[in-house]
Amino acid sequence: MAKRKLSRQQRWRIEKVQQEKVDRAAKRARKADDALVHDALGEPRNGRVMAHFGQQVEIEAVDGEDCGLVQRCHVRANVTSLVTGDAVIWRQGPELGVVESCLPRHSLLARPNMQGQMKPVAANVDHLLLVIAPEPEPFANLIDRYLVAAEATGIEPVLVLNKVDLLQMPEKRERLEALLSIYQRIGYQTLQASTQLEQGLDHLKSLLKDRISVFVGQSGVGKSSLINALLPGVDLRVGALSEDTRKGRHTTTTARLFHFPDGGDLIDSPGIREFSLENLSPEIVAQGFREFHDYLGSCRFRDCRHQGDLGCALAEAVTRGDIHPERFASFLRIINA
Ligand SMILES: Nc1nc2c(ncn2[C@@H]2O[C@H](COP(=O)(O)OP(=O)(O)OP(=O)(O)O)[C@@H](O)[C@H]2O)c(=O)[nH]1
Ligand SMILES: [Mg+2]
Ligand SMILES: [Zn+2]
C-alpha cells in the first residue's frame, strides 16, 4: 500500500516537474517576444530561411538595399515549423531579428524522423537531386520511396550517381548502370559524377541554375562533397564512411541553403537510412510510380489492391515486361509496410 502511494507521489512529482519545464519554456518565449517589441525593430520585410537551429533561424534579406544581409532571428510563438527555404516576413533587430510570419509554400519536402513522424525538411524546393553512390551501396526501395515523396509533392527528381571513380570493376559498373537504366526508361533524368575526378560537375551546374534544389540521399553518398565541389568558397564538413560497415556517419545535421553564383540555390540535407511513407494512401503511393499511370483504373475490379487480384492491369503489365518487376515489388513493399 505504502509502495503504491509512493509511486503515485512520484508520478505526480514527475508530472509537476514536466509542467514546470513547459511553463518555463513558454515564459522564456513570451519574454523573448516582449523584449523584441520594446527593442528598435526595423520595418517588416521579405526574407528567406537559410538554416534552422532549435528555437532560432538564420534569415537572409531578399529585398531592400542590404539584400543578402543575414541575421539570426527569434521566431514569434504563433509561427510554427519553419524550415529551410521558407519565405518569411521578418524585422531586423539590433542583435536578434524576429520572424513575424511565414508566406505560403509552393512545395514542402517532408521525411520521417526517428519516431516515424513526418517532419518537413525544406520548403519551396522545385528540384530534388537524389544522390546515390557505389558506396554506401544503394538500395532500390529507398530510391523508390524518395521518388514517391517527390511525385506526391510535385518536386522534380533527378538521380545523381556520385563516386563513379569507384566503378573500375566491370561487374560493379554494370550493376549500377542497370539500376540507373530502370529509372531512365521510365523518364527520370540521371547523371553520373565524381567529386574526386571533378566529373559531371558542369552538367550538374547547368541543372541547378535558376532553381531551388535540394540534395537528398543516404548518409555518406557525398552530398556535402558535391556542394563543396560546386560552390567555391563553401567548405562543408564531410565525413569518411565507417571502416567496418562502409556506411555514412551522419555528418550533416541541419538543412542549409547556399546561393549559386550564376543564379539558383542549393540545400544540403542530412542523410537518412530509413524512409517510411506510412501516412500516404496506397492510391497516392501508386501515383508516385509514374510508369503505373497508364494502367491505374484499368484493373478488372475498381477496388483492385494489385496484390494477386484477378485481372490486375499492373500485374499484367509486369508480365508483359512493361513495368519492371523490381519497381512493382517495391510498390507492394511500401503499401504493406
Ligand atoms: N571516391 C570518392 N569518394 C567521395 C566522392 N565524393 C565524396 N566522397 C567521400 O564520401 C564520404 C562522405 O562524403 P560526405 O560529403 O560527407 O557525404 P554526405 O552525403 O554529405 O553524408 P551525410 O552528411 O552524412 O548525409 C567522404 O569520405 C568523401 O570524401 C567521390 O566522388 N569519390
Ligand atoms: Mg553531408
Ligand atoms: Zn490492380
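Tabulated data for the structure shown
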read-out: Simple spin-label estimate for PHE53 and LYS21 in nanometres, 7 Å along Cα-Cβ; value: 2.3
read-out: Net lengthening on full extension, ASP63/THR254 (0.36 nm per residue, minus Cα-Cα); value: 66.2 nm
read-out: Solution diffusion estimate, µm²/s, Stokes-Einstein, segment 1-104, Kirkwood Rh from C-alpha pairs, 37 °C, viscosity 0.692 mPa s; value: 212
read-out: Ranked list, fewest to most other Cβ atoms within 10 Å of each Cβ, for LEU236, LEU161; value: LEU236, LEU161
read-out: D_trans [Stokes-Einstein, Kirkwood Rh over alpha-carbon pairs] for segment 119-268, 25 °C, 0.890 mPa s, µm² s⁻¹; value: 157
read-out: Pairwise FRET efficiency - GLN189 versus GLN168, Cβ, R0 = 45 Å, nearest 0.05; value: 0.95
read-out: Alpha carbon Rg of segment 282-335, scaled by the compact-globule rule 2.2 N^0.38 Å; value: 0.98
read-out: Among ALA150, ALA178, ALA87, residue whose mean-square fluctuation peaks in a GNM of the chain (springs only between Cα atoms under 10 Å); value: ALA178
read-out: Cβ-based net charge around VAL131, under 10 Å, with every Lys or Arg adding one and every Asp or Glu removing one; value: +2
read-out: Tilt relative to the chain, helix 325-335 - C-alpha long axis, 0 to 90 degrees, to 10; value: 30
read-out: Within the chain, percent of DSSP bridges classed antiparallel, to nearest 5; value: 60
read-out: Nonlocal amide H pairs with ALA193, under 5 Å, H built at 1.01 Å; value: LEU161, ASN162, LYS163, VAL164
read-out: Length-normalised contact order for segment 119-268 - Cα pairs under 8 Å, 6+ apart - percent; value: 27
read-out: Pairs of Cα atoms farther than 24 Å apart, the chain, %; value: 63
read-out: Value of relative contact order over the chain, rounded to a whole percent, pairs C-alpha under 8 Å and six or more apart; value: 13
read-out: Fewest-first ranking of THR84, THR153, THR195, THR253, using other Cβ atoms within 10 Å as the exposure measure; value: THR253, THR153, THR195, THR84
read-out: Debye, to nearest 20: dipole size of the chain, +1 on Lys, Arg Cβ, -1 on Asp, Glu Cβ; value: 2080
read-out: Residues ASP33, ASP294, sorted so that the one with the fewest Cβ neighbours within 10 Å comes first; value: ASP294, ASP33
read-out: Cysteines not pairable in the chain (beta carbon separation under 4.7 Å absent); value: CYS67, CYS73, CYS102, CYS312
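Taken together, the values in this text are just the output of simple stated rules run on the coordinates, not laboratory data. Every value quoted in this text rests on a predicted model; they were computed, and no experiment measured them. Counting neighbours? That spans all protein chains shown, and the Cβs are built from the backbone with ideal geometry, glycine included.
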